[in-house]
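I have placed the structure first, in the form of structure tokens, so that the comments after it can refer back to it.
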Amino acid sequence: MARRNEVKLNECKMAVSLSTWVLISNFKLAYNLLRRPDGTFNRHLAEFLDRKVPANANPVDGVFSFDVLIDRGTSLLSRIYRPATAEEPQPNIAELEKPVTAEVVPVIIFFHGGSFAHSSANSATYDTLCRRLVSLCKAVVVSVNYRRAPENRYPCAYDDGWTALKWVNSRPWLQSQKDSKVHIYLAGDSSGGNIAHHVALRAIESGIDVLGNILLNPMFGGQERTESEKRLDGKYCVTLRDRDWYWRAYLPEGEDRDHPACNPFGPNGRSLEGIKFPKSLVVVAGLDLIQDWQLAYVEGLKKAGQEVKLLYMEQATIGFFLLPNSNHFHTVTDEITKFVSSDCIKTIGERIMQCIGALLCVDYVCLFKCFLG
Amino acid sequence: MLRYDSTSSSAGSSSGSLSSSSSSSKPPQQDIDGLLAGAGYKVRSSELRQVAQRLERLETAMGNSPADFSQLASDAILYNPSDLACWVDSLLTEFAEPPPTCSSDFIVDPVNNQTVVNSAWTTAEPHTPQVHQNITYDEQQSLDNQLTVVTAMEEDSGIRLVHMLMTCAECVQSGDLSLATSLIGDMQGLLTHVNTVCGIGKVAGHFIDALSRRIFQGMGGGSVNGGSAFENEILHHHFYEACPYLKFAHFTANQAILEAFDGHDCVHVVDFNLMHGLQWPALIQALALRPGGPPLLRLTGIGPPSPDGRDSLREIGLRLAELARSVNVRFAFRGVAASRLEDVKPWMLQVNPKEAVAVNSIMQLHRLLGSEQTRNSPIDTVLSWIRGLNPKIMTVVEQEANHNQPGFLDRFTEALYYYSTMFDSLEACRVQPEKALAEIYIQREIGNVVSCEGSARVERHEPLAKWRRRLSGAGFRALHLGSNAFKQASMLLTLFSAEGYSVEENEGCLSLGWHSRPLIAASAWQAVPAWDNHMSSS
């Protein structure tokens, strides 16, 4: 028994850097303390252990943040992250909701991960991640503090995501100068990725335009046990048992994993053919045991004629994007930047450079910088 | 406010010779792994490998006996999760111990080498998930709908008001009093278009008043925090009832004091501001119930002298004595009347060298901060004699705000943000007159922060990060508040208060906030033994 454990631990350690290993192992251990066999969750201990950071209206590395209560009835908070501008390096408290000034400003609505049960918008790891997104994409990021399982089951998380989407869409100060519209992207990791998909579905029926979905290791599943689940169970800090626990905690009682929330293209799923679903960027880690479901998701989108780009990071484990110390991290951040900026060309100069770049297959940003000397 | 306090209580102090850390041989801050710091963890790069090994061991141990692990989860008291190395160690130690069989079990906290008893009265409750049940949901809903309608309509006016307040404050700072005056007039006019019953209108009104007083009456502002001691006590009591901030303060401090007093038969609590003594019945009862029986409890209550011959301190003392008698706790009370905390001298407290002393300061230390950082300012004097008492614990609760900045505009901005949040949280209170009087209590604080200067300005709140540095520099080290205190604080909130409050743990200290903005922070301290200083100052 001890030997089998040893083998598992060694495999995981070799796949990632030491800091990453310490971080995800720590999470794994802490999370094991919180899940009770009877399906309840030790919420007090979870909140005690979660490392949180306050919002900071003083820019740090060019990004400032503030919290907004989006819905009083459900105490739905969101943390807004904005880039500090050259003209306004030190925003004052009355200026936090000052209108965005650029031609096009992407607004990324971000749903943190945690398998529907863990973490918050003000968790340190996610605060750091959202700040990175602002810098990378020159975007405003709205991180939604959605209600969590098991206290709040399906569809609470989706409802909160939907409330946030409506709120973002109706903020005059988030409208891009170019067309007085809010340029919205939905993004999330793990359960957040799942939420992004389902909120995008709701958006279609309502007529709110979502420009793109970014799904990082999205959490999907199904009743069947897939090959990757069997092969990778317990190998890289995630077990089938814990995956099952979280689905039981989120899905309505009595439902199985073929519920469409968990398995959107499964037997109870819904066809997206003929529907104007946003383009998707889906990042799958090759060492993630639920990859078969994530790949099935990508296939499902493709079969329905939807635009989707798959980034399969063969050597990556879950959580790889939390720390910027791997090639995977940089590849993914580059792709996200391209995904978001392809709709947001700021100047004619950059547009020209992009065309030249495409023709010459070079990085147009580098070219532009060279051009400027 | 910085996101990360890079000079935490466990590392170098900002002011010279005194060592602040529990182990003075800790290497400098540069060694902290930057990547993990971004995730909220403090791990030294040099220790990373060791931490990884310990995590591995823990994982193996967990795999081998999962039943013990879930036992650990419900019974263990955990401290300071940011310090990964220590946290993992404490879990490992837990795991290596035999499962608890009686109520007087020990858990060694490796950070402080302190033994903490897993007391009977803090053990686990039934495993019910924390379901947010809004019993009066319908009432809440309709009131909230009203609020949202109101705020939507007045959003523009509200924003204009905030802009004007900021501009006015700026004028006051730069000395342009004529413009400031006309702005006051404009704002008062605008107030008539805005709902002053709730939301921005209400808080703006108080700030306009405070600014107005500053401009027209100068900065003696005596009338603001004036009010008799009697009035202040009444307001304080209603503030206590209307919202959970003071309850949280008392509750958390009592928990820490109780733990610190474990094993001592003679204990002495020094309360820096007795008021109605609301904090102490709970401690008296807890001591009555502790395994092994209660100690002899002495309480020294400090408070302002009462006019017209009344001895209000003694009256409170008598009531507490009556309670103690009813639960068989040997109790002695002493009142120390002083107009200002800095007038108190240690000999007045008559501390016995054999007793375990707890010094309790609920929102008092900030009053000792002057505007000038002179060498023997009141705060230094008082901290020095506290240290001289060598208390087992000093519990400190302070407003989590930066209201002592030298620049007026900065202070004003911070106060506007802070008190808006606090007023917003007060909206959830439905009982009168508690709510109205609590608002007056807060209003007086606002008045002092905004319209007073010099010795009249006593509400000199500073954030926890600053208190950490100050207390470390004065020869104290932090005693960490653990997961049990956290859990009880969270449960207190669900019992007494509306949704929207949250408790957070921050490197061994607990804070209570509204909608993720911390408003009040509680910490516990102990004097670093004198010989440690000699070691490190060479």
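Key figures
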| item | result |
| --- | --- |
| Trypsin sites (Lys or Arg not before Pro) within segment A:168-259: DSSP coil, no more than 15 neighbouring Cβ in 10 Å | A:K178, A:K181, A:R225 |
| Residue exposure sequence - B:Y441, A:Y236 - by fewest surrounding Cβ within 10 Å | B:Y441, A:Y236 |
| Peptide B:35-46, shielding by other chains (average Cβ, 10 Å cutoff) | 6 |
| Helix A:124-137 axis, angle to chain A major axis (alpha carbon atoms, nearest 10°) | 40 degrees |
| Reachable lysines from B:K247, criterion Cα separation under 26 angstrom, eight or more residues apart if same chain | A:K52, B:K202, B:K392, B:K435, B:K466, B:K487 |
| Environment charge at B:C429 (Cβ cut-off 10 Å; Lys +1, Arg +1, Asp -1, Glu -1) | -2 |
| Whole-Hz couplings from phi, Karplus 6.51/-1.76/1.60, listed for segment B:414-426; x for Gly and Pro | 4, 5, 4, 5, 4, 6, 4, 5, 5, 5, 4, 5, 5 |
| Neighbour cut-off at most 14 other Cβ (10 Å), DSSP loop, chymotrypsin sites (Phe, Trp or Tyr not before Pro), segment B:362-432 | none |
| Between 0 and 90°, nearest 10: helix A:291-303 axis offset from chain A longest Cα axis | 50 degrees |
| Residues of type lysines that A:K303 reaches as a straight line, Cα spacing below 30 Å, ignoring anything fewer than 8 places off in the same chain | A:K166, A:K230, A:K276, A:K279, A:K338 |
| Low-density loop positions, GluC sites (Glu not before Pro), segment B:326-376 - DSSP coil, at most 12 other Cβ in 10 Å | B:E372 |
| Ascending count of other beta-carbon atoms within 10 Å, so fewest first, for A:I290, B:I159 | B:I159, A:I290 |
| Averaged over A:22-34, number of beta-carbon atoms from partner chains that fall within 10 Å | 6 |
| Packing-based order for A:187-193, B:49-55, A:329-335, using average beta carbon neighbours within 10 Å, highest first | A:187-193, B:49-55, A:329-335 |
| Rounded to 10°, Cα long-axis angle of helix A:327-341 versus longest principal axis of chain A | 50 degrees |
| Global form of segment A:19-64, assessed from the alpha-carbon gyration tensor, a/c cut-off 1.5 | oblate |
| Burial ranking of peptide ranges A:266-277, B:312-323, B:235-246 (average Cβ count within 10 Å, highest at the top) | B:235-246, B:312-323, A:266-277 |
| Exercise: per-residue mean of other protein chain Cβ atoms within 10 Å, B:512-519 | 4 |
| In order through segment A:256-263: 3J(HN,Hα) via Karplus (6.51 cos²θ - 1.76 cosθ + 1.60), integer Hz, x for Gly, Pro | 9, 6, 8, 4, x, 5, 8, 10 |
| Net +/- balance of residues flanking A:E47 in space, Cβ distance below 13 Å, scoring K and R +1, D and E -1 | +1 |
| Net charge contributed by nearby residues that have their C-beta within less than 13 Å of B:A288 (K/R +1, D/E -1) | +3 |
| Three-way shape call for segment B:32-87 based on the alpha-carbon gyration tensor, with the a/c threshold at 1.5 | oblate |
| 5 angstrom amide H check on A:K279, placed H, neighbours 5+ away | A:N213 |
| Estimated [θ] at 222 nm from DSSP helical runs (n ≥ 4, -39500 (n - 2.57)) normalised by residues in chain A, nearest 500 | -12500 deg cm²/dmol |
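The numbers here are math on the coordinates, done by the rules we state, and not lab data. The structure presented is a predicted model; accordingly, all values stated were derived computationally and were not measured. Glycine also receives a Cβ, built like all others from the backbone with ideal geometry; neighbour counts cover every protein chain displayed.
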